[in-house]
Every structure is written in C-alpha cells, then in structure tokens.
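Colleague: I have a structure I would like to understand better, so I am pasting it below and will then ask my questions one at a time.
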Amino acid sequence: MDTPPLLIVDAANVVGSRPDGWWRDRVGATTRLRDRLVPVGPAGVPPELPAPVEVVLVVEGVARDVPATEGVRVVSAPGSGDDTIVALVTEVTDRRRVVVTADRGLRERVTALGAEVYGPRWLRGEGQPDRSGPGQPRRSGPG
C-alpha cells in the first residue's frame with residue numbers, strides 16, 4: 001500500500017488569513033482550525049489531494065500548547081514555525097508533501113525541497129486553488 005501524502009498546515013498563517021477576530025484568542029482560533037482539519041485525513045481535499053492524508057498542524061507562539069486530536073498530529077515549533085515546516089518537509093522524502101501557507105518566503109523554501117504549496121483558500125474550499133510547487137507557477141492573489 002502506498003504511503004499517504006503528508007499535509008502540513010502552517011497554523012499561524014492559515015488562522016491569520018481571515019479577519020475573523022482570531023487575534024483576540026489565538027489559542028481558540030488554532031484549536032478551531034485543528035478541529036476543522038479532522039475530516040481531511042479520511043476525505044482528502046479533492047480533487048488535488050485524494051484520501052487518505054496524514055495531517056500535521058504546525059503551531060507556534062501562544063498557540064504552541066494546542067494539543068493533537070485524533071486525525072491531526074500537532075507539532076509545536078520550538079522557535080520559528082517556518083523552520084519547523086521546512087524541517088518536516090526535509091525529513092520526509094519518500095512521499096508527496098503538501099504545505100498550506102500564504103507565506104511567500106516559506107513557499108520558496110519548501111518548493112525548493114520538492115513540496116507542493118497551496119494557499120489557505122484552497123484548504124477552506126474557497127475558489128480556485130492557489131498552488132505552487134515543482135513545475136507549478138504560483139497564482140497571483142491573496143492566499
């Protein structure tokens with residue numbers, strides 16, 4: 001059986017991509033994101049990312065202590081969340097790696113390592129995917 005793709009979500013970037021008051025409760029907003037990711041493991045994000053998927057949420061700062069839940073592994077960044085995401089992409093080379101972020105610098109770093117990148121809107125199912133990766137130009141517009 002093939003190893004499922006690894007979906008790595010930049011929690012701080014995805015949470016911060018919507019002006020919904022997340023700044024008043026970063027831990028709560030990150031916990032809600034984690035809970036919204038639970039169905040992604042068994043369902044994938046069709047059509048670009050078919051199931052099953054291993055979901056990893058990278059947390060940092062005040063949201064660093066958000067715990068894992070069934071179906072979502074939470075990795076607490078000891079420092080920079082971006083550096084932790086790059087380390088995860090570097091560690092896993094035997095399967096497809098997909099990173100969700102709108103951070104341009106992080107996009108460049110992980111695509112150079114062979115990962116694909118989608119923006120937060122893709123994860124939320126809003127409109128066309130904002131994708132970059134090997135051989136894929138990044139579409140313009142907000143993530």
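The values are calculated or read from the model by the stated rules, or taken from the named source; none is laboratory data. Everything quoted here is computed from the prediction, not taken from an experiment. When we count neighbours, we look across all protein chains shown, and the Cβ atoms used for this are built from the backbone with ideal geometry, even at glycine. Heavy atoms of the whole protein, side chains included, go into the accessibility calculation; ligands, DNA and RNA do not. Shrake-Rupley method; radii C 1.70, N 1.55, O 1.52, S 1.80 Å.
Colleague: Taking Gly16, is it at pLDDT below 95, over 19 Å from Trp122 (Cβ atoms), open to solvent by less than 40 Å² (accessible area, probe 1.4 Å) and not aliphatic (A, V, I, L, M)?
Modeller: It is false that Gly16 is at pLDDT below 95, over 19 Å from Trp122 (Cβ atoms), open to solvent by less than 40 Å² (accessible area, probe 1.4 Å) and not aliphatic (A, V, I, L, M).
Colleague: Just to be sure, is Arg34 outside any loop (DSSP other than H, G, I, E, B) and under 19 Å from Tyr118 (Cα atoms)?
Modeller: Spelling it out, Arg34 is indeed outside any loop (DSSP other than H, G, I, E, B) and under 19 Å from Tyr118 (Cα atoms).
Colleague: Tell me which of these Pro67 doesn't satisfy, since it passes every other one: (1) in contact with a Lys or Arg (Cβ under 9 Å, 6 or more places away or on another chain); (2) part of a helix (DSSP H, G or I).
Modeller: (2)
Colleague: A further question follows. Report every pair of residues separated by at least 6 positions or lying on different chains whose Cβ atoms are under 8 Å apart, first residue within the stretch 79-105 and open to solvent by 40 Å² or more (accessible area, probe 1.4 Å), second modelled with pLDDT of 95 or more and among the aliphatic types (A, V, I, L, M).
Modeller: Asp83/Ala77; Thr90/Leu113; Arg95/Leu6; Arg96/Leu6
Colleague: Now for a different question. Among the residues of the stretch 19-36, is there at least one that is surrounded by fewer than 21 Cβ atoms within 10 Å (Cβ to Cβ) and under 13 Å from the mean Cα position of the chain (by Cα)?
Modeller: Scanning the stretch 19-36, I find at least one residue that is surrounded by fewer than 21 Cβ atoms within 10 Å (Cβ to Cβ) and under 13 Å from the mean Cα position of the chain (by Cα), so the answer is yes.
Colleague: Could you list, in sequence order, the residues of the stretch 87-127 that are closer than 16 Å to Gly44 by Cα and either modelled with pLDDT under 90 or assigned to a loop (DSSP other than H, G, I, E, B) (or both)?
Modeller: If the condition is that a residue be closer than 16 Å to Gly44 by Cα and either modelled with pLDDT under 90 or assigned to a loop (DSSP other than H, G, I, E, B) (or both), then Arg95, Arg96, Gly119, Arg124, Gly125, Glu126 are the ones that fit.
Colleague: Can you run down the residue pairs with Cβ atoms below 7 Å, 6 or more apart or on separate chains, where the first is in the stretch 17-33 and under 13 Å from Val59 (Cβ atoms) and among the small types (Gly, Ala, Ser) and the partner is open to solvent by 100 Å² or more (accessible area, probe 1.4 Å) and part of a helix (DSSP H, G or I)?
Modeller: none
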